[in-house]
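The values are calculated or read from the model by the stated rules, or taken from the named source; none is laboratory data. Fair warning: this is a prediction, and the values are worked out from it, not measured in the lab. All Cβ positions, even for glycine, are placed from backbone atoms using ideal geometry, and neighbour counts span all protein chains on display. For the accessible areas, the whole protein counts, side chains as well, though only heavy atoms, and no ligand, DNA or RNA atoms are used. Shrake-Rupley method; radii C 1.70, N 1.55, O 1.52, S 1.80 Å.
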Amino acid sequence: MITPAFELSQDPDFLTVKIRVPYARASEFDIYFEGEDFKFYAKPYFLRQLTLPGRIVEDGREKASYNTDEGTFTIQLPKEVPGQYFEGLDMLTSLLAPKKSRSAKPLVEEMATSADLSEDNEEEFDWEMEQIPYEESTPSLQHPYGFGNLRSGVFQRLQDELSDVIDIKDPDQTPAEERRRKRLAAEAAKFEPDHYLADFFEDEAIKHLLKYKPWWIDAHKKMTALQGESHQEHDSPAFVVFSEEEREQMRKFTNKSYLLDKRSRHHVYLGLIDILLAYCYEICVNEGDKNVESSWNIRKLSATLCWLEVSFSSIHDVLVSFGRRVLCYPLYRHFGLVTRAFNDTVMILQLGKAAVLKCLLDIHKIFRESDPAYILNDLFITDYCIWIQKVKSKKLAALSESLQKTTLSKSHMGLELEELEAAAVLVQEEEKALKAAGTVSKQQLLCSESETSDSEESSSTSSSETEGSDSDEQESSTSEDEEINSLQGTLQEERTAPLIDCNGLRQGTDTPAMEVADGKSKVSLQSPAPLGKLVEELEMQIHSAMRLSEQPEGLATAGCISQEQEESPVPKPDRFSEDAAGKGNFLEVSPKPNPLLFLCSTNEDQD
């Protein structure tokens, strides 16, 4: 027979049972209900027995319907007391449990088989068998762990496979106090001040994570808003909704009853707080998403799971342990995340056992999909999921109130956080002061450099002005030299101009040439014609040109010395022109070189 999927809901007058039976034979089904019992059968589904939290009655108002498309039966059952609130309708595992036996049978009975009771099959006792002296052997002491300290010997057989799940080595042989000492030593060795201070000062990512709002924040707001509207006690199922996968997992759990003494119950409640704190941290830092580190975060931050801690004596011890592990192990090590997980755990407990169960089911799924963390489900989480469904809501309310009253500060961590932060702030202020001083000195250096550059610019300006004046003087002198050269060129042209005789005739190519050497002039005239008058006119032109040119000091005025060579006859000119005054005019300028060379002597030479 198959146990069908089902869910229960209620209103003030009716209890509604919705049962999903796909492909069932709807024409043949049986429903039985009376008092607190409910049974359902539709082949091949059989809901053996539901033990309801309140009484129902058969008075003709009951209804049943079947949806062929969805394959679901919906059954409405009248409440015996209208308006009564049925608590724990979402605790499916506890609803499937059989009713408690009302018989007077003892809880522990001695069972024996017929073979054991039969004396006929008993072998004859050998009185002559060898006697061995009795040696008292002390069995190896094993220290318990797990939910309610009900397990032991698990890691003795699976130490190699489960070494990555827990941090303690050989827990079966390690007493609780020694586990605690080793855990504190490991946390102190793992704490890194640099990592903590980096997250303390560079907390942009932390602030972003703290803005995330998980589902229990909205549910808590709704519950708080409704608390003032009605004095009737409301359980968390009004605000917590289970998924179909979660309901299926609850149906798979085997119902159990736990016989716990007062000390064990105390440890179970404190361990529940420890596990919920680690789960709230995981949800906050990953913003509700699951990843490969989710299983590691939960079991690493919970000393109950990682060190099998059973020595917690108060809620404050649990908070200190969780806070130390947050500041030592995960990626984000900030005290603000510790406070956030603390507040979230308070809200979950205030929402009631349905909210706690939903969180435990999520942890169960995370561990179930992680190898080898699945062993923690067998040691803790599965038992917590079954146990929490039977816990009274008043117990959780008292637990949340005690947790809310507990205070936690950085000084409780035992890691000198406040001293580290104060020292880091001082160092930061000194660095700022040094940086400011460096900035001031840099500005002063820049000012001095600017003043130096200004002085250099002024000196360069004066030098450039000096150079400009020098260049102006040089340009003026250059212009004067050019003027003098031009005059000298004019003079040279006049000197090299073709000679015209007194009759106005141009000399031919056979004009006399003057040879000058060492201050002595030798003139050889190839033309026999007299040149006296022509020389006189040329002398007059030279003197007039020299008077027009302004010669600098030291430049000697050239004197023209000419010597007549032997007179030779000069041929008659080709053309002759004479103005009305009877004066001779220059005729054509000959491009040929001047046959007469004049030697310009300085005044000193003349002296």
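In segment 271-313, of all residues being β-branched (Val, Ile, Thr) and not in a helix (DSSP H, G or I), the one that is nearest to Ala373 (Cα to Cα) corresponds to Val292.
The rows are residues; the columns are (1) on the phi < 0 side of the Ramachandran plot; (2) open to solvent by 10 Å² or more (accessible area, probe 1.4 Å); (3) among the hydroxyl-bearing types (Ser, Thr, Tyr).
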{"site": "Leu327", "(1), (2), (3)": "yes, no, no"}
{"site": "His334", "(1), (2), (3)": "yes, yes, no"}
{"site": "Thr339", "(1), (2), (3)": "yes, yes, yes"}
{"site": "Leu349", "(1), (2), (3)": "yes, no, no"}
{"site": "Ala355", "(1), (2), (3)": "yes, no, no"}
{"site": "Arg368", "(1), (2), (3)": "yes, yes, no"}
{"site": "Gln389", "(1), (2), (3)": "yes, no, no"}
{"site": "Lys392", "(1), (2), (3)": "yes, yes, no"}
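For segment 395-428, a residue qualifies if it is open to solvent by 50 Å² or more (accessible area, probe 1.4 Å), under 13 Å from Leu327 (Cα atoms) and not in a helix (DSSP H, G or I), and the qualifying residues are Gly414, Glu416. Counting only residues that are modelled with pLDDT under 90, charged (D, E, K, R) and more than 17 Å from Phe29 (Cβ to Cβ), segment 62-90 holds 3 of them. Report every pair of residues separated by at least 6 positions or lying on different chains whose Cβ atoms are under 6 Å apart, first residue within segment 67-85 and over 15 Å from Leu8 (Cα atoms), second open to solvent by 70 Å² or more (accessible area, probe 1.4 Å) and not in a loop (DSSP other than H, G, I, E, B). Pairs found: Glu80/Arg55.
For Leu305, the requirement of being of a type in the set (A, V, I, L, M, F, W, C), open to solvent by less than 10 Å² (accessible area, probe 1.4 Å), touching a residue at least 60 places away in the same chain (Cβ under 8 Å) and out of contact with any Ser or Thr (no Cβ under 9 Å at 6 or more places or on another chain) is met.
Taking the stated definitions as given, is Asp317 open to solvent by less than 50 Å² (accessible area, probe 1.4 Å), more than 21 Å from Asp164 (Cα to Cα), touching a Pro at 6+ places or on another chain (Cβ under 9 Å) and not β-branched (Val, Ile, Thr)?
For Asp317, the condition - open to solvent by less than 50 Å² (accessible area, probe 1.4 Å), more than 21 Å from Asp164 (Cα to Cα), touching a Pro at 6+ places or on another chain (Cβ under 9 Å) and not β-branched (Val, Ile, Thr) - is not met.
Of the residues Pro12, Pro44, the single one that is open to solvent by less than 60 Å² (accessible area, probe 1.4 Å) and in contact (Cβ under 8 Å) with a residue 40 or more places away in the chain is Pro44.
For segment 221-231, name all the residues that are open to solvent by less than 90 Å² (accessible area, probe 1.4 Å) and at pLDDT below 65.
If we filter segment 221-231 for residues that are open to solvent by less than 90 Å² (accessible area, probe 1.4 Å), which is where we start, we get 223-226, 228, 230.
Matches in segment 221-231: Ser230 only.
Of all residues in segment 368-377, those satisfying the criterion of being closer than 21 Å to Gly148 by Cβ and in contact (Cβ under 8 Å) with a residue 40 or more places away in the chain are Ala373, Ile375, Leu376.
In segment 374-387, which residues are β-branched (Val, Ile, Thr) and either over 40 Å from the mean Cα position of the chain (by Cα) or not in a helix (DSSP H, G or I) (or both)? Before the answer, list the steps.
Taking segment 374-387 first, the residues β-branched (Val, Ile, Thr) are 375, 381-382, 386.
Across segment 374-387, the qualifying residue is only Ile386.
Of all positions in segment 356-367, at least one carries a residue that is under 28 Å from Ser152 (Cα atoms), touching a residue at least 24 places away in the same chain (Cβ under 8 Å) and over 34 Å from the mean Cα position of the chain (by Cα). Filtering Tyr374, Tyr384 for residues that are farther than 30 Å from Ala205 by Cβ and at pLDDT 95 or above leaves a single hit, Tyr384.
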